[in-house]
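**Q** Here's a structure for you.
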Amino acid sequence: MVFVELLIFVAFIGLLLYKWSVYTFGYFSKRGVAHEKPTPVLGNIPWSVLMGKDSYIKHNIAQHLRLKRHKAYGVYNLRDPLYYLADPELIRQVGIKSFDNFANHRKGISDGPNETTLLSRSLLSLRDRRWKQMRGTLTPTFTSLKIRQMFELIQCCNVEAVDFLRRQSDGGSVELELKDFFTRYTNDVIATAAFGIQVNSFRDPNNEFFSLGQRISEFSFWGGLKVMLYILVPKLMKVLRVPVMDMNNVDYFRKLVFDAIECRKKQNIVRPDMIHLLLEAQRQLRADQEGSREGGSQEDSARFDDEDLLAQCLLFFTAGFETVATCLSFTCYELMMNPAVQDELYEEVLAVREALAERPLDYDTLMGMKYLDCVVSESLRKWPPAIVLDRMCASDFQLKDEEGEVVLSLRQDDLVHIPVVALHHDPDNFPDPEAFRPERFDEEHKHEIRPLTYLPFGVGQRMALMEVKALIFQLVLRHRLKPTDRTPRDMMDSIAGFRLMPRELFWCKLESRGSA
């Protein structure tokens, strides 16, 4: 009898869970939005992708190609209904024309129980008026001129990276796993350009700063599960007070940043890094507020205290640690798999080196290299760091196509996604999308790219491009990049799960050019 009762109880709980898992699945049907039939709990995410066997990128592209004729379509991300935009005119309305109505990202993960005083203060997580205030405070801080001043700091990291390769190859050749190499490089760049500390992750491979970055960026099973649970049951996760980020890591950054600030104030140290730029923004804001008070203004003032400053530093670390290393890895992969492209880039690099004579490479010369820019742009097209971009609708809104016809009637808090990687691999936007063709972005052809179908970078674009181009210049100048037996021949088939990482990793053979 007890067994029967237990069986009935389990069946009842199972029925409740099933009803809960499919409760939202009538959302798009009621609104007449094109979508594909979802699976309980998983929605439109295949189980093989969730378990890391198949690629989310391939799934995302294939789904887009099946549904793009509708200009906008629906996708169930687990239980969450998301609108996906396939039409550039709709993307323009969300991203430019009516941006004020779509300025916020989705709620949830960054608003975890212990992150409300830090992660939720970062520019990526702030909302509405607070986001506008912070953006207004930070925008004048990161101008091209101020980013240019960081170039020498980055060049020091380039020297150490190149010196490491010289020692490893001893004038001959060396096989290298690129992602690890580039992650150490980006770690050292972030350490010096953001936090003002000198780290050499090539000579000291287990330094504390690098180890911390590895822990934060590592996508563990438990980390992935926490993210999924915050999407499925955010209220329960907050009640249980489950943190998204290990607070010991946060405390390390807190001490690092605040100790650096205290030291600079006491010793009057000025260094062209991110802490300095943020301190300048803080001082400028306080000066403006003081002036407003003296002038009798009663406007609601923006806030930018030390915790806000720390939050922006942490955002820079978490966003830059993985993104630049991934971009560098894919760019080098494409160069080794496309030797004609590599040869043409080498010719440009050599010409620049000769034009510089004995002078060191400078920011303006680097950013003026046209073919290098085409190569990096095409790499970002095939392998964009942000697979999708998300926006939340602030108030009811009608999205209309170029003919003025209503495509979507959005409601407050509806989630809108822009499928970046799918747009980049859509043959209507980029003919022969799987081919690596840098000439798509040259002066003769770049006008053919449909506006708002190429969306490669988000936060920190200038800084990231400078890092990528600076190291690619040095690598191609000194080495010929070749594939090894372990290099995947079909990268798209080799990627699995949600990460931009091939199963075989990024193995490359670097042959010294000798004369550089």
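The values are calculated or read from the model by the stated rules, or taken from the named source; none is laboratory data. Remember, predicted model here, so these are calculated numbers, not experimental data. Here the Cβ positions follow ideal geometry from the backbone for every residue, glycine too, while neighbour counts run over all protein chains shown.
**Q** List the number of the failed condition for residue 100; all other conditions in (1) modelled with pLDDT under 90; (2) under 26 Å from residue 500 (Cβ atoms) hold.
**A** Going through the list (1) modelled with pLDDT under 90; (2) under 26 Å from residue 500 (Cβ atoms), residue 100 breaks only (2).
**Q** Quick check on residue 195: is it modelled with pLDDT of 85 or more and farther than 22 Å from residue 52 by Cβ?
**A** Judged against the criteria, residue 195 is not a match.
**Q** Scanning for something modelled with pLDDT under 95 and under 16 Å from residue 330 (Cα atoms), does region 452-463 turn up at least one residue?
**A** Checked region 452-463: at least one residue is modelled with pLDDT under 95 and under 16 Å from residue 330 (Cα atoms).
**Q** When you scan region 391-438, how many residues do you find that are among the aromatic types (Phe, Trp, Tyr) and farther than 30 Å from residue 376 by Cβ?
**A** Number of matching residues: 1.
**Q** So for region 371-393 (the condition being surrounded by fewer than 20 Cβ atoms within 10 Å (Cβ to Cβ) and basic (Lys, Arg)), does at least one residue qualify?
**A** There is no residue in region 371-393 that is surrounded by fewer than 20 Cβ atoms within 10 Å (Cβ to Cβ) and basic (Lys, Arg).
**Q** Residues that are among the basic types (Lys, Arg), at least 2 per element: which helices (runs of 4 or more DSSP H) completely within region 8-109 meet that?
**A** 27-31, 56-67
**Q** Let me ask something else about it. Does residue 313 fit the bill of being of a type outside the set (A, V, I, L, M), in a helix (DSSP H, G or I) and at pLDDT 95 or above?
**A** no
**Q** I'm trying to understand the selection: among the residues of region 170-201, which are in contact with an Asp or Glu (Cβ under 8 Å, 6 or more places away or on another chain) and surrounded by fewer than 18 Cβ atoms within 10 Å (Cβ to Cβ)?
**A** Matches in region 170-201: 172, 173.
**Q** In region 261-296, which residue that is more than 20 Å from residue 138 (Cα to Cα) and at pLDDT 80 or above is surrounded by the fewest Cβ atoms within 10 Å (Cβ to Cβ)?
**A** Looking at residues that are more than 20 Å from residue 138 (Cα to Cα) and at pLDDT 80 or above, I get 268.
**Q** Mind counting the residues in region 89-110 that are under 18 Å from residue 401 (Cβ atoms) and crowded, with 17+ Cβ neighbours inside 10 Å?
**A** Qualifying residue count for the region: 8.
**Q** Now, a different point. Return the residues of region 343-370 that are touching a Leu at 6+ places or on another chain (Cβ under 7 Å) and buried (at least 20 other Cβ atoms within 10 Å of the Cβ); say none if nothing qualifies.
**A** Across region 343-370, the qualifying residues are 345, 349.
**Q** Tell me the residue from 41, 22, 75, 33 that is among the aliphatic types (A, V, I, L, M), touching a Phe, Trp or Tyr at 6+ places or on another chain (Cβ under 6 Å) and surrounded by 15 or more Cβ atoms within 10 Å (Cβ to Cβ), please.
**A** 75 is the lone residue from the list that is among the aliphatic types (A, V, I, L, M), touching a Phe, Trp or Tyr at 6+ places or on another chain (Cβ under 6 Å) and surrounded by 15 or more Cβ atoms within 10 Å (Cβ to Cβ).
**Q** OK, next. List the strands (runs of 3 or more DSSP E) that sit entirely inside region 384-452 and contain at least 2 residues that are within 13 Å of residue 82 (Cβ to Cβ) and in contact with a Gly (Cβ under 9 Å, 6 or more places away or on another chain).
**A** Fully inside region 384-452 and qualifying: 389-392.
**Q** Just one of 145, 178, 153, 126 is touching a Ser or Thr at 6+ places or on another chain (Cβ under 8 Å) and modelled with pLDDT under 80; which is it?
**A** Selected residue: 126, the only one of 145, 178, 153, 126 that is touching a Ser or Thr at 6+ places or on another chain (Cβ under 8 Å) and modelled with pLDDT under 80.
**Q** Here's a follow-up. For the subset of region 146-166 comprising residues that are charged (D, E, K, R) and within 23 Å of the chain's Cα centre (by Cα), which member is farthest from residue 472 (Cα to Cα)?
**A** The extreme case among them is 146.
**Q** Okay, moving on. Cβ contacts < 9 Å: first residue farther than 15 Å from residue 63 by Cβ, restricted to region 421-435; second residue among the aromatic types (Phe, Trp, Tyr), any location; separation 6+ or different chain. Result?
**A** 429/454; 430/454
**Q** Could you figure out which of (1) of a type in the set (A, V, I, L, M); (2) farther than 24 Å from residue 73 by Cα; (3) surrounded by fewer than 21 Cβ atoms within 10 Å (Cβ to Cβ); (4) at pLDDT below 95 isn't true of residue 406?
**A** Of the numbered conditions (1) of a type in the set (A, V, I, L, M); (2) farther than 24 Å from residue 73 by Cα; (3) surrounded by fewer than 21 Cβ atoms within 10 Å (Cβ to Cβ); (4) at pLDDT below 95, the odd one out for residue 406 is (2).
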